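Q: Sending over a structure as structure tokens; questions will come in a sec.
The values are calculated or read from the model by the stated rules, or taken from the named source; none is laboratory data. Owing to the predicted nature of the structure, the values given are computational and were not obtained by experimental measurement. Using ideal geometry, Cβ is built from the backbone for each residue, glycine included, and neighbour counts are taken over all protein chains shown.
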Amino acid sequence: MTFDPKTIRQKFPILERKMNGHPLVYFDNASTTQKPLSVINAVSDYYKNHNANVHRGVHTLSQNSTDLYEGARKTVANFINADPKEIVFTSGTTEAINLVAMTFGRRNILKEDEMIISVAEHHSNLVPWQMLSALTGMTIRVIPVTDKGEFDIEAYKNLLSEKTRLVAITHMSNTLGTINPIKEIIKLAHENNTLVLIDGAQATPHINLDMQDLNADFYCFSGHKMYGPTGIGVLYGKDEILSEMIPYKGGGDMIERVTLERSDYKNSPYKFEAGTPNIAGAIGLAEAIKFLQETSLQEIQKHENELLEHATKELQKIEGIRIIGEAKNKGPVLSFTAHNPKTSASIHPYDIGTLLDKYGIAVRTGQHCTEPLMDYFKIPGTVRISFACYNTLEEIDTFIEALKKNLALLS
Ligand SMILES: Cc1ncc(COP(=O)(O)O)c(C=O)c1O
């Protein structure tokens, strides 16, 4: 089957909507992607026909629900080439990183110890570590990015030391679009006896993943950024590491035996999933994975690269536009600032975003939860456009025309 974004669009009911009298152009995919009908139907079908709590009931409906939930875990494991017991369902990337910080981190990254992040991390891969630092006294070391927004591998090598317990790095930057050389980052860390957590929130809808090949110790991602529902995400952890970690949330479903004095926990992943999980979310995520596999991640990446190239070329032609993030290896994320070429006065991203919305074009404006990166580039924020498999070259042309009109109005 040949890849055709127009056919793919028909699977996404929301793309038929008009916004402010114009066809919706949805360029805010790095925030969250739209959902294909198959995902919407899978969630709805679960509630209509299979709803019951998991792991608890002897009754058929509960077993049915458990089979669907555990089936979803297998689908996720298969998607990233891991074992189902290495897949912990969380509410998203944020919870997955917090889980590692509060379990692994609390026991293993102590006073005198260090961990490494980069200046381009999303707040989700920064704030939990600051909280951990406040608890244990460990030190966070920060790798800069180059002017083009690329990972500074030499600075990284210099920061790795016998004190480094963990490296926590994004696979793909949500602001710069940079795809980091994580295989090399992981290899260097392992040579230093340091574990690695990868924030995969932006990478999973664009890049084929193989945990055996990557050799990451932890890999975190969110369902809603890869055509799945909100409120579901994944922490992948190597079995031998998860087995050693103690849970940070206690409650039902994560225990083997409970007395009034103490509790014995189940094995991973169950010991990390206290309480009733997001069953419908997991089923929806599995359906989103089926969508990605049927559509072909390779074809999606090829198409999105074309979109990125075209948009970059057209943006570069506009006077007063500065692209933030010009790495060689980029995903379909484009951040830019704008100024009046005559006066050099900067034009606020918020004003651009608001005017684009009048044309039905949804973009993200601001700091994108990467405030330290904005400080680093000495800018207040950017306009960010980000693409998914259903976006088209025509939509980019519509956006460029609207942007030009807006800039003329705002200059
Ligand atoms: C790189 C990156 N990490 C983490 C997150 C947090 O994801 P979530 O809000 O789904 O937990 C995001 C969300 O924008 C992100 O882009």
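Q: Enumerate the pairs (first residue in region 249-274 and within 25 Å of Y236 (Cα to Cα) and in contact (Cβ under 8 Å) with a residue 24 or more places away in the chain; second residue anywhere and of a type outside the set (D, E, K, R) and assigned to a helix (DSSP H, G or I)) with beta-carbon separation below 6 Å, excluding pairs fewer than 6 apart on the same chain, so at least 6 apart or on different chains.
A: Once the first residue is within 25 Å of Y236 (Cα to Cα) and in contact (Cβ under 8 Å) with a residue 24 or more places away in the chain and sits in region 249-274, its partners that are of a type outside the set (D, E, K, R) and assigned to a helix (DSSP H, G or I) give S268/L242; S268/S243.
So that you can scan it fast, the table gives a plain yes or no per residue for (1) within 21 Å of T33 (Cβ to Cβ); (2) modelled with pLDDT of 95 or more:
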position	(1), (2)
S344	no, no
D357	yes, yes
I361	yes, yes
H368	yes, yes
M374	no, yes
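Q: Among the residues that make up region 304-317, is at least one of them under 30 Å from F89 (Cα atoms) and crowded, with 20+ Cβ neighbours inside 10 Å?
A: Going residue by residue through region 304-317, those that are under 30 Å from F89 (Cα atoms) are 304.
Filter once more, keeping what is crowded, with 20+ Cβ neighbours inside 10 Å: 304.
Yes, that holds for at least one residue.
Q: Hand me the list of helices (runs of 4 or more DSSP H) wholly inside region 87-172 holding 2 or more residues that are closer than 28 Å to G284 by Cα, within 16 Å of the ligand (Cβ to nearest atom) and aliphatic (A, V, I, L, M). Walk me through it before giving the result.
A: On the way: elements: 93-100, 127-136, 153-159.
Result: 93-100.
Q: So which residues in region 232-251 are in a loop (DSSP other than H, G, I, E, B) and in contact with a strand residue (DSSP E or B) (Cβ under 9 Å, 6 or more places away or on another chain)? Steps first, answer last, please.
A: Residues of region 232-251 that are in a loop (DSSP other than H, G, I, E, B), as a first pass: 232, 238, 245-251.
Residues satisfying the conditions are I232, K238, M245, I246, P247, G250.
Q: Between a first residue in region 193-213 that is more than 20 Å from N329 (Cα to Cα) and assigned by TED's automatic domain parsing to the domain that holds I169 and a second residue that is of a type outside the set (F, W, Y) and within 11 Å of the ligand (Cβ to nearest atom), which pairs have beta carbons less than 6 Å apart while being 6 or more apart in sequence or on different chains?
A: Listed pairs, sorted by first residue: L197/A168.
Q: Next question, about the same structure. Just a yes or no: is a residue in region 51-71 in a loop (DSSP other than H, G, I, E, B), crowded, with 22+ Cβ neighbours inside 10 Å and touching a Ser or Thr at 6+ places or on another chain (Cβ under 6 Å)? Steps first, answer last, please.
A: Here is the first cut: in region 51-71, the ones in a loop (DSSP other than H, G, I, E, B) are 51-59.
Checking the rest, the ones that are also crowded, with 22+ Cβ neighbours inside 10 Å come to none.
Checked region 51-71: no residue is in a loop (DSSP other than H, G, I, E, B), crowded, with 22+ Cβ neighbours inside 10 Å and touching a Ser or Thr at 6+ places or on another chain (Cβ under 6 Å).
Q: Among the residues of region 2-33, which ones are charged (D, E, K, R) and touching a Pro at 6+ places or on another chain (Cβ under 7 Å)? Full working, then the answer.
A: Of all residues in region 2-33, those charged (D, E, K, R) come to 4, 6, 9, 11, 16-18, 28.
If the condition is that a residue be charged (D, E, K, R) and touching a Pro at 6+ places or on another chain (Cβ under 7 Å), then K11 is the only one that fits.
Q: Being out of contact with any Pro (no Cβ under 8 Å at 6 or more places or on another chain) and either surrounded by fewer than 17 Cβ atoms within 10 Å (Cβ to Cβ) or not assigned by TED's automatic domain parsing to the domain that holds A280 (or both): is that true of G92 here? Quick ask: steps written out before the conclusion?
A: Details: out of contact with any Pro (no Cβ under 8 Å at 6 or more places or on another chain): yes; either surrounded by fewer than 17 Cβ atoms within 10 Å (Cβ to Cβ) or not assigned by TED's automatic domain parsing to the domain that holds A280 (or both): no.
Judged against the criteria, G92 is not a match.
Q: Select, from I186, I182, the only residue that is over 24 Å from A42 (Cα atoms), under 22 Å from the mean Cα position of the chain (by Cα) and within 16 Å of the ligand (Cβ to nearest atom). Full working, then the answer.
A: Numbers: I186 fails: within 16 Å of the ligand (Cβ to nearest atom).
After ruling out the rest, the residue left standing is I182.
Q: Kindly evaluate N51 against the criterion of being closer than 14 Å to G228 by Cβ and not basic (K, R). I'd like the intermediate steps shown before the answer.
A: Values: closer than 14 Å to G228 by Cβ: no; not basic (K, R): yes.
Answer is no for this residue.
Q: Could you check Q130 against (1) exposed (fewer than 15 other Cβ atoms within 10 Å of the Cβ); (2) over 19 Å from M102 (Cα atoms) and say which number it fails?
A: Result: Q130 passes all but (2).
Q: For region 133-171: of the residues being under 13 Å from T194 (Cα atoms) and either basic (K, R) or in contact (Cβ under 8 Å) with a residue 60 or more places away in the chain (or both), which is surrounded by the fewest Cβ atoms within 10 Å (Cβ to Cβ)?
A: K157
Q: Could you check F221 against (1) aromatic (F, W, Y); (2) under 30 Å from G331 (Cα atoms); (3) over 22 Å from the mean Cα position of the chain (by Cα) and say which number it fails?
A: (3)
Q: Tell me whether region 285-296 contains one or more residues that are modelled with pLDDT of 95 or more, in contact with a Leu (Cβ under 6 Å, 6 or more places away or on another chain) and in the same structural domain as T230 (by TED's automatic domain parsing).
A: Applying the first criterion (modelled with pLDDT of 95 or more) to region 285-296 yields 285-296.
Of the ones still in play, those that are also in contact with a Leu (Cβ under 6 Å, 6 or more places away or on another chain) are none.
No - not one qualifying residue is present in region 285-296.
Q: Still on this structure: Specify which of the listed residues (Q212, Q202) is within 11 Å of the ligand (Cβ to nearest atom), over 15 Å from L373 (Cα atoms) and among the polar types (S, T, N, Q).
A: Details: Q212 fails: within 11 Å of the ligand (Cβ to nearest atom).
Criteria check complete, one pass: Q202.
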